Amino acid sequence: MPATGSLPHFFALMTGEKAQVNAQVVGYRGSGPLITDLIGGQVPVAFDTLDTLLPQHEGGKLRILASSGAQRSIFAKDIPTYRESGLDLVATGWNAFFAPAAMPQAQVERLAKAIREVMSEPDTQRKFIDARMTPIASTPAQTAAMLKSYRAQWAPVVRKSGYQP
């Protein structure tokens, strides 16, 4: 995985548990060194984000065996999901804008509205898609609900791993 404490780190642990395999976690200092070792055969398998691995997959340098979304990625329709491959496992990563908890609600709403407007612009959406990311414009309440769900999924995995930041 590209870094200890990253989503791929914990996803590797979840996958190992689900597949009843003791996953050997090796933390790298980023995706670059991980991909170099994977392509070079120093590691037999690895976990990283789809947007990072897809160029090497498309270039024939490595093969992505499965993606972790609930459905096949719009960027990689030829790659099956974990579920399609026989492992009932779904996990996705996401990015969000955060602000200090003390920020006045009116300011939060104003900032959120501006972000939604920018995220809805065709040029912004195209830039996300070109980077192989799915652009989503949500409200603060929707983001809070997603974060709550995300914590419920990942907190037990992190606790069980014994990981300490």
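Counting residues that are modelled with pLDDT of 90 or more, which helices (runs of 4 or more DSSP H) fully inside the range 1-103 reach at least 2?
Working: elements: 7-18, 31-40, 50-58.
Once the helices (runs of 4 or more DSSP H) in the range 1-103 are filtered for at least 2 residues that are modelled with pLDDT of 90 or more, what remains is 31-40, 50-58.
Please identify the pairs in which a residue from the range 36-53 that is not assigned by TED's automatic domain parsing to the domain that holds Pro135 has its Cβ atom under 7 Å from the Cβ atom of a residue that is of a type in the set (D, E, K, R) and surrounded by fewer than 19 Cβ atoms within 10 Å (Cβ to Cβ), counting only partners at least 6 apart or on another chain.
Ile39/Lys61; Val43/Asp37; Leu50/Arg132; Asp51/Arg132
May I ask you to list the residues in the range 119-143 that are surrounded by fewer than 12 Cβ atoms within 10 Å (Cβ to Cβ) and either of a type in the set (A, V, I, L, M) or in contact with a Pro (Cβ under 6 Å, 6 or more places away or on another chain) (or both)?
Ala131, Ala141
Among the residues of the range 14-34, is any more than 26 Å from Arg159 (Cβ to Cβ), assigned by TED's automatic domain parsing to the domain that holds Glu84, without any contact (Cβ under 8 Å) to a residue 12 or more places away in the chain and not polar (S, T, N, Q)?
Scanning the range 14-34, I find at least one residue that is more than 26 Å from Arg159 (Cβ to Cβ), assigned by TED's automatic domain parsing to the domain that holds Glu84, without any contact (Cβ under 8 Å) to a residue 12 or more places away in the chain and not polar (S, T, N, Q), so the answer is yes.
Could you pull out the residue among Leu50, Leu65 that is out of contact with any Leu (no Cβ under 9 Å at 6 or more places or on another chain) and surrounded by 15 or more Cβ atoms within 10 Å (Cβ to Cβ)?
Details: Leu65 fails: surrounded by 15 or more Cβ atoms within 10 Å (Cβ to Cβ).
Result: Leu50 is the single residue among Leu50, Leu65 that is out of contact with any Leu (no Cβ under 9 Å at 6 or more places or on another chain) and surrounded by 15 or more Cβ atoms within 10 Å (Cβ to Cβ).
Which residues, taken from the range 91-115, are under 19 Å from the mean Cα position of the chain (by Cα), surrounded by fewer than 14 Cβ atoms within 10 Å (Cβ to Cβ) and of a type outside the set (Gly, Ala, Ser)?
Step one: list which residues in the range 91-115 are under 19 Å from the mean Cα position of the chain (by Cα), which gives 91-98.
Then keep just the ones that are surrounded by fewer than 14 Cβ atoms within 10 Å (Cβ to Cβ); that gives 94-98.
Trp94, Asn95, Phe97, Phe98, listed by residue number.
Within the range 103-154, which residues are of a type in the set (Asp, Glu) and either in contact (Cβ under 8 Å) with a residue 40 or more places away in the chain or under 24 Å from Ser73 (Cβ atoms) (or both)? Spell out how you get there, then give the answer.
Applying the first criterion (of a type in the set (Asp, Glu)) to the range 103-154 yields 109, 117, 121, 123, 130.
Glu121, Asp123, Asp130, listed by residue number.
The values are calculated or read from the model by the stated rules, or taken from the named source; none is laboratory data. Nothing here was measured: the structure is a model prediction, and the numbers come from that model. Note that we place each Cβ from the backbone using ideal geometry, even for glycine, and neighbour counts take in every protein chain shown.
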